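Data first, discussion second: the structure below is written as structure tokens.
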Amino acid sequence: MVAVSLVSLDSMDSTESTERTANAVLEPPAASAATQARSLYVETYGCQMNKADSELIVGLLAREGYRVTDRVDRADVILVNTCAIRENAEQRVLGRMSELNRFKTANPDLILGLCGCMSQHLGDRIIERAPYIDLVAGPDSYRRLPDMLRALDAGSEPALSLTWDRAEHYLDIDPVREAGVNGWVTIMRGCDKMCSFCIVPFVRGRERSTPHGEVVRQVERLAAEGYREVTLLGQTVNKYRDGEVDFADLLSRTAEVDGIERIRFTSPHPAHFPDRLIEAMAASPKICPHTHLPLQSGAPETLSRMRRDYTPEVFLDVVRRLRERIPGIALTTDIIVGFCGETEEEFEATREMMRTVRFDSAFMFKYSPRPGTASHKRLADDVPEEVKGRRLTDVIEMQKSISETRNRAYRGKTVNVLVEGRSRRDADKLFGKTDAFKTVVFPEREGIETNMIVPVRVSGSTPFTLFGDVVATA
Ligand code: SAH
Ligand code: F3S
């Protein structure tokens, strides 16, 4: 047995917090005779897609005989899977790469590699800026990693692979998953939406859907491994299409998999939300009553400059239909403040929309111009930094107060919690999530273990967490 750890540093939340996630103990596949067991350390920044890609990278390299370590100082290969969505995400990674370079003093054979969106975005310029980086691989190039690592071991120059491959789904590679109660399943790669602020289409390439048979196979595999929850991942999951099978069909098919009790997905796009999809969500109790629906802005003019393909009315209509058909559904969102040309009136329209919808929670960001995107090329980043800062603080405060009221309404209710483990803040307590994606903390009790679904009566709350006690079951 070997301890497998994918270190995950989440840069997608509003506070840009640094979070290290769980360890797992997994049986590694047998090392091929030709490869000595080299140790691999993978560090992940950014969204769930990146976490899922890191699990894929580990699956791919484990197959080649690499052993994963959670000790960065013992690694022969360090791969950093990166995010390019905002400039500060890139700055953080550059700082981290220079820190990791220090391990080369003790181990001159150490290979230091950069994977993911930032690799694709910066290309060979990254090696000019950080010449100690040995390997750069974009999101469609992971299949080349074993060859690139072999060439580096043989003494080659820094290796770069940034080709796009529209046919690449990594179908034959079984991810080695991070420990946890939720299994990620990538159902789409890339994005064709081209929102004017967004770098994703430029770094992750064209949109493509994983064949539905493969999605179901992966979900069945997760069920067989004991997972009770899956999250279907893509940049615009509700645009999923494989022949006749659309996203509503895919949800229904995954809901038929025995053993899986909770199905989540992220993120849908507000412009692609037909009643058919809402019906499929409502029809299965396994499909969690939570939708992350990125709003970005509440002003029609800003949405149009953002090329978001919907108006505030269309967004509100999706919210109305979801709430009508799925009572109690939790809605979360993403907001960008200070986008090019955003006036006080436009910003006020975003606040108004947040007050109207009353999201359960939100990720909120200051607009960050990304070279190569339409807004960077054609629109002036003309909202002063201090105005962006003030608007961000403003929406964060407002959302905090909405989340506080929403969570308070859970007091006195009993919710079903999928237990994830021990609370980080309080070792005597356990934590988990409700189907509506609320984090719940409660005192430990004999017989309650990770991966169980237990009823918890909520007695306290903050804007971010519910607190309670397990209700005795007969
Ligand atoms: N397709 C995904 C979006 C991925 S990016 C989805 O719809 O959820 C995640 C979020 O980052 C976006 O929703 C947006 O709010 C934010 N974001 C993307 N580009 C940004 C930029 N240039 N500046 C600030 N925030 C950005
Ligand atoms: Fe980005 Fe818009 Fe696609 S936010 S990921 S271009 S849906």
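The values are calculated or read from the model by the stated rules, or taken from the named source; none is laboratory data. These numbers come from a predicted model, not from an experiment. All Cβ positions, glycine included, derive from the backbone under ideal geometry; neighbour counts span all protein chains shown. Please note that ligands, DNA and RNA were not included when accessible areas were found on the heavy atoms of the full protein model with its side chains. Shrake-Rupley method; radii C 1.70, N 1.55, O 1.52, S 1.80 Å.
Just wondering, is there one or more residues in the stretch 290-297 that are within 16 Å of ligand 2 (Cβ to nearest atom), within 18 Å of residue 418 (Cβ to Cβ) and open to solvent by 10 Å² or more (accessible area, probe 1.4 Å)?
So far as the stretch 290-297 goes, yes, one or more of its residues are within 16 Å of ligand 2 (Cβ to nearest atom), within 18 Å of residue 418 (Cβ to Cβ) and open to solvent by 10 Å² or more (accessible area, probe 1.4 Å).
Return the residue satisfying two criteria in turn: it lies in the stretch 320-337 and is open to solvent by 10 Å² or more (accessible area, probe 1.4 Å) and within 16 Å of ligand 1 (Cβ to nearest atom), and of such residues it is nearest to residue 376 (Cα to Cα).
Within the stretch 320-337, the match that is nearest to residue 376 (Cα to Cα) is 336.
Six or more apart or on different chains, Cβ under 8 Å: which pairs go from a residue in the stretch 52-65 that's assigned by TED's automatic domain parsing to the domain that holds residue 141 to one that's part of a helix (DSSP H, G or I) and surrounded by fewer than 24 Cβ atoms within 10 Å (Cβ to Cβ)? Could you list them?
Between residues of the stretch 52-65 that are assigned by TED's automatic domain parsing to the domain that holds residue 141 and residues that are part of a helix (DSSP H, G or I) and surrounded by fewer than 24 Cβ atoms within 10 Å (Cβ to Cβ), the close pairs are 57/145; 60/143; 60/145; 60/146; 61/145; 61/146; 64/146.
Pull out all pairs, ordered by first then second residue, where Cβ-Cβ is under 8 Å, the residues are six or more apart or on different chains, the first lies in the stretch 389-401 and is assigned by TED's automatic domain parsing to the domain that holds residue 350 and more than 18 Å from residue 368 (Cβ to Cβ), and the second is of a type in the set (A, V, I, L, M) and assigned to a helix (DSSP H, G or I).
These pairs meet every condition: 398/354; 399/354.
Determine which member of the set 232, 250 is more than 16 Å from ligand 2 (Cβ to nearest atom) and outside the structural domain of residue 123 (by TED's automatic domain parsing).
Criteria check complete, one pass: 250.
Right, residue 328: more than 30 Å from residue 285 (Cβ to Cβ), outside any helix (DSSP H, G or I) and more than 16 Å from ligand 2 (Cβ to nearest atom) or not?
no
Residues are listed down the side, and each one gets a yes or a no for (1) of a type in the set (A, V, I, L, M, F, W, C); (2) within 15 Å of ligand 2 (Cβ to nearest atom); (3) surrounded by fewer than 19 Cβ atoms within 10 Å (Cβ to Cβ):
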{"position": "356", "(1), (2), (3)": "no, no, yes"}
{"position": "359", "(1), (2), (3)": "yes, no, no"}
{"position": "363", "(1), (2), (3)": "yes, yes, yes"}
{"position": "367", "(1), (2), (3)": "no, yes, no"}
{"position": "370", "(1), (2), (3)": "no, yes, no"}
{"position": "376", "(1), (2), (3)": "no, yes, yes"}
{"position": "382", "(1), (2), (3)": "no, no, yes"}
{"position": "389", "(1), (2), (3)": "no, no, yes"}
{"position": "392", "(1), (2), (3)": "yes, no, no"}
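Do we find a residue being open to solvent by less than 10 Å² (accessible area, probe 1.4 Å), under 26 Å from residue 230 (Cα atoms) and not charged (D, E, K, R) anywhere in the stretch 159-173?
yes
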